[in-house]
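The values are calculated or read from the model by the stated rules, or taken from the named source; none is laboratory data. Small disclaimer: the values here were computed from a predicted structure and weren't measured. Counting neighbours? That spans all protein chains shown, and the Cβs are built from the backbone with ideal geometry, glycine included.
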Amino acid sequence: MSQIVIDHEPLSTSFLPKKLSFREKEYAQLLGNLKGRINTLLLGPIGSGKTALIRSAMNELKDLLYVDCLLYGTEYSVLKELIPSNRFIVSRSNYDLFKELQRIARERKLAVCFDNFTSLKDFSVMKKIMSIGICVVSVGRVERNLPSLNQNMLSGFPSLIRLEEYSVEQTFDILREKARLSLNEGSYTDIPLRRIAEKLGGNITMAMAILRALALKAESEGKNTIDEISLEDLLPENDCIDELNNDERTIFKILSELKSLPSYQLYNIYAKTARYPKCERSFRNYMENLCAKGLVRAVGERKGRIYELVENNEEKAE
């Protein structure tokens, strides 16, 4: 078997490069805001590098905590997630949990990142946390998330960092660097890298996963280069993606990032993300179309239904 991949790590979602290409200015601003205790909104589309910025900052600042609001959306779950398990608390009420967090904030200069912040059930928990001197970074997909916050809440975020989609050329440059670090010299040319960039320019997360899938397929089939594998054969569903309407594309992008979601939760995120969200009945029609095209599978029935990417899409969207 030909060895195409010599290092899997640079192609994984957990890999953090020493330099954040095309995001140096935004990272410097985020780091400066955190060190200066400035509450910040970090907004950008899927695959634009928001997670990489936050994870890089967490590597540099030990007191930056992280909460994914898709998993922890209530005040109780947020507070419980922020407080170390070794802290003894007599009562587990919201009041006592908040008092414990306040004590911790006196001991350490904490900062908290609220990822997917629009999924919070009650935004007041952010305001409470800011009120005790904890710096907050709220991360969302697009600027239309802002109406979810009232003006009183927005006044607590004096800084906005806006990430634009990567261009095709930027995506190509990042993929070329990933290939240099991960793939055997001589096992690739610029041609498939540019083709991937042209298909998915803007969503670097999915573009990286496609490159990884292409390399692994070439290796498993004993090919000498990834150029010998047809991108269209590997990813036939991309033609289907081109045929999706704007709402279906929005839903697919959400699942590309989050992999699997209960139907009601997927609809809630779609309703907050889409520019002109449709009713639940239309949403069900969109899901039927995505399932019919083989992009998404439905698991379970009715209220307990979960939607997830099909196997090939999961591999590409990580």
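Quick rundown of the values:
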item	result
Flag if LEU160 is among the hydrophobic types (A, V, I, L, M, F, W, C), in contact with a Leu (Cβ under 7 Å, 6 or more places away or on another chain) and surrounded by fewer than 19 Cβ atoms within 10 Å (Cβ to Cβ)	yes
Candidate set from region 4-13 (those that are at pLDDT 90 or above and assigned to a loop (DSSP other than H, G, I, E, B)); member that is surrounded by the most Cβ atoms within 10 Å (Cβ to Cβ)	ILE4
Subset of region 45-104 (residues that are of a type in the set (Gly, Ala, Ser) and in contact with a Phe, Trp or Tyr (Cβ under 9 Å, 6 or more places away or on another chain))	GLY47, SER48, GLY49, ALA52, SER56, ALA57, SER93
Some residue of region 14-34 being more than 27 Å from MET208 (Cα to Cα), surrounded by fewer than 17 Cβ atoms within 10 Å (Cβ to Cβ) and of a type outside the set (S, T, N, Q)	yes
Residue identified as within 27 Å of LEU266 (Cβ to Cβ), at pLDDT 90 or above and charged (D, E, K, R) among ASP115, ASP190	ASP115
Tabulated pairs, region 10-38, first touching a residue at least 40 places away in the same chain (Cβ under 8 Å), second aliphatic (A, V, I, L, M) and in a loop (DSSP other than H, G, I, E, B), C-beta under 7 angstrom, 6+ apart or interchain	GLU26/LEU163; LEU34/LEU61
Residues satisfying the stated conditions in region 97-112, i.e. without any contact (Cβ under 8 Å) to a residue 60 or more places away in the chain and assigned to a strand (DSSP E or B)	VAL112
Of all residues making up region 57-69, the number that are within 19 Å of ARG141 (Cβ to Cβ) and touching a helix residue (DSSP H, G or I) at 6+ places or on another chain (Cβ under 7 Å)	4
Tally of residues being assigned to a helix (DSSP H, G or I) and surrounded by 18 or more Cβ atoms within 10 Å (Cβ to Cβ) across region 258-278	8
Among the candidates ARG281, ARG297, residue that is of a type in the set (D, E, K, R), farther than 23 Å from GLY140 by Cα, in a strand (DSSP E or B) and modelled with pLDDT of 85 or more	ARG297
Flag if GLU60 is more than 17 Å from ARG162 (Cα to Cα) and in the same structural domain as ILE132 (by TED's automatic domain parsing)	yes
